[in-house]
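Presented below is the structure to which this report refers.
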Amino acid sequence: MLREELRRQTALGIEAERLTRNGFMVPDATVIELVRRWLSEHPRKFVFDGFPRTLVQAEALEKTVSQKRSALDIVFFFDVSDETIFERVMNRVTCGQCGQSFSANLHLAPGQSVCPGCGGALGRRADDTPEVLEHRLVEYRENTEPLVAYYQKRGLLWPLSAAESPDQVFAEIAAALDPSKYSL
Ligand SMILES: [Zn+2]
């Protein structure tokens, strides 16, 4: 949603990009407004990635979905060590043309500089630096980690070991989203 705002060059998108580039989180009020707007157009089925990131956002989401008489079915927690995060972020390259991200040591040949999907030029994201990552991890521990207990208490939390391979993580998510259990 934030990338779409940036693509459209809205004031909100530009400000959000400036904040995240420096390892800061987008303010709760902004994120909540975006999600509310989006939910009013897609009220029934949704998957959020990287949201909510704070207790304030989680409480606002709970209020919004209960007003619409839908509810959250499941909350995945991608559990992974700081070392693995660091390694992945430092290996991440992004296509300037199609926007897809790749892991240099998983998906690309040594020294490869063009996107396997579209042939666009690959580059590092400006915010994938050790300093910015360090700051993001501090923000995470302070503001996002409390959500683990919040959703555990509500019986919604599904922890995943995100250190496993993408195929294994995908299989675990697919099994958890068994359509016979949820109204998907
Ligand atoms: Zn591409």
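Readers should treat all values here as calculations from the given coordinates under stated rules, not as data from a laboratory. These numbers were taken from a predicted model, which means no experiment stands behind them. So basically every Cβ, Gly included, is an ideal-geometry build from the backbone, and we count neighbours across all protein chains shown.
Observations on the structure shown:
- Site pair Glu134 and Cys118 shows an inter-label distance of 3.5 nm when each label is modelled 7 Å from Cα along Cα→Cβ.
- Relative intensity, log₁₀ I(q)/I(0), of the chain from a Debye sum that treats every alpha carbon as a point, q = 0.12, 0.14, 0.18 Å⁻¹: -0.71, -0.98, -1.54
- Its relative contact order, with pairs defined as Cα atoms under 8 Å and 6+ residues apart, puts the chain at 25 percent.
- From the largest down, the stretch 1-72 spans 36, 25, 17 angstrom on the principal axes of its Cα atoms.
- Neighbours of Lys153, meaning other residues whose beta-carbon lies under 15 angstrom from its beta-carbon, give a summed charge of -2 when Lys and Arg score +1 and Asp and Glu score -1.
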